[in-house]
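Enquirer: Here's a structure for you.
The values are calculated or read from the model by the stated rules, or taken from the named source; none is laboratory data. Everything quoted here is computed from the prediction, not taken from an experiment. We place every Cβ from the backbone using ideal geometry, glycine too, and count neighbours over all the protein chains shown. All accessible areas refer to the heavy atoms of the entire protein, side chains included, with ligands and DNA or RNA removed. Shrake-Rupley method; radii C 1.70, N 1.55, O 1.52, S 1.80 Å.
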Amino acid sequence: MTNGSTRSLRGGLRVAVLALLWGSTFLWIELALRGLSPLQVTFARCVLGALVLVVACRLAGHRLPRGIAVWRHIVVAAFFCNALPFALFSLGQQSVGSGLAGVLNATTPLWSLALGLALGSERGLRPVRLTGLLLGFAGTILIFAPWQTTGAAGWGALAIIGAAASYAVAFTYMGRTLVRKGTPTISLSAAQLVAASGLTAVAVPIGGLQSIDPGPTVVVAAVVLSVFCTAITFHLTYRIINDEGATSAAVVGYLLPVVSVLLGAVVLGEEIGVRVVLGMAVVLVGVGMTRRQGPAVVTEERAPGEPAAGEPAAGEPATHTPDARSTDLEDVR
């Protein structure tokens, strides 16, 4: 087997493992909720995930970021990317099955595109992507079924859609304020979960002091959710982006709903109606259409005043430097 074939096989296995871990998140949340409250699940997920990443950070020879300015950005990112969506997922899955939760989570690219349009960072939107955006939201409405007084979606689905939108806000914010600023990715990830743990701890006295039922299933679910589905998935995602590019990493997003639906049906025996299945299909088609890129030049999203990748900053000589993303992501290894 050639080196190219070996790398391809390794990359495919990595994508498959990441899809399984990330897609199974909703199954483990469902099981953890059998003995823990939504806030307790969120707190455990943040604390244990932070512990894993802090240890990994130290073993890699790095330390947490320093400076008030960067920590302000980290706290904001931790709220929108970790504390808030983790809590909303746990709240939503009290009434929504794990399979449907995974599909609703797939609307994150739709919210990202909508946010980009609102902020002006998406220019020259092609008709196929605009159609995909509208189609994705139509599928979401079909799943949510607001015309029904009761249904598979209800307020739980609304909470999960809110979590997906929160991810979109977080990714945009992180791209503008944290990524490619000279701090190793592993340090940012660890610090972000540390901050999320602190934010969640503040809310524990409000809704996290209920009695718990620490049965074996609940404990295993909480540990797997925290270690594998929160901490390790971050590491694997960055490795895929570093080694194979963002396109290969994006493939995982298409696999998540498939994994969540299959696990929900096989492990938990969840039933999905025809309307929900149709809505799921519409959402996935819409997301796929929004990911299509045309031959037009894509404007890179960056903070005001920040030079584009490969361009020198004002007053600096034009010298060739390695790709910042590759350098930063190499620190995750």
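Enquirer: Sorted by packing (mean other beta-carbon atoms within 10 Å per residue), highest first, where do 23-33, 91-101, 70-80 land?
Expert: 23-33, 91-101, 70-80
Enquirer: What is the packing order of peptides 176-183, 256-263, 269-276, taking the mean over residues of other C-beta atoms within 10 Å and listing the highest first?
Expert: In decreasing order of mean packing, 176-183, 256-263, 269-276 become 256-263, 176-183, 269-276.
Enquirer: Treating the beta-carbon of each Lys and Arg as +1 and of each Asp and Glu as -1, no other charges, what is the dipole magnitude of the stretch 22-143 about its Cα centre, to the nearest 20 debye?
Expert: 420
Enquirer: Ok, one more. Give the residue from GLN40, SER90, VAL70 lying farthest towards the positive end of the charge dipole for the stretch 5-110; charges sit on Cβ (+1 for Lys and Arg, -1 for Asp and Glu) and the dipole is referred to the Cα centre.
Expert: Of the candidates, VAL70 comes out farthest on the positive side.
Enquirer: Now a separate question. For the stretch 44-109, report the accessible area per residue in Å² (1.4 Å probe, heavy atoms, rounded to an integer).
Expert: 41
Enquirer: In whole Hz and in residue order, list the ³J(HN,Hα) couplings for the stretch 215-222 that follow from phi through the Karplus curve 6.51 cos²θ - 1.76 cosθ + 1.60, θ = phi - 60°; x for Gly and Pro.
Expert: Along the stretch 215-222, the couplings run x, x, 5, 5, 5, 4, 4, 5 Hz.
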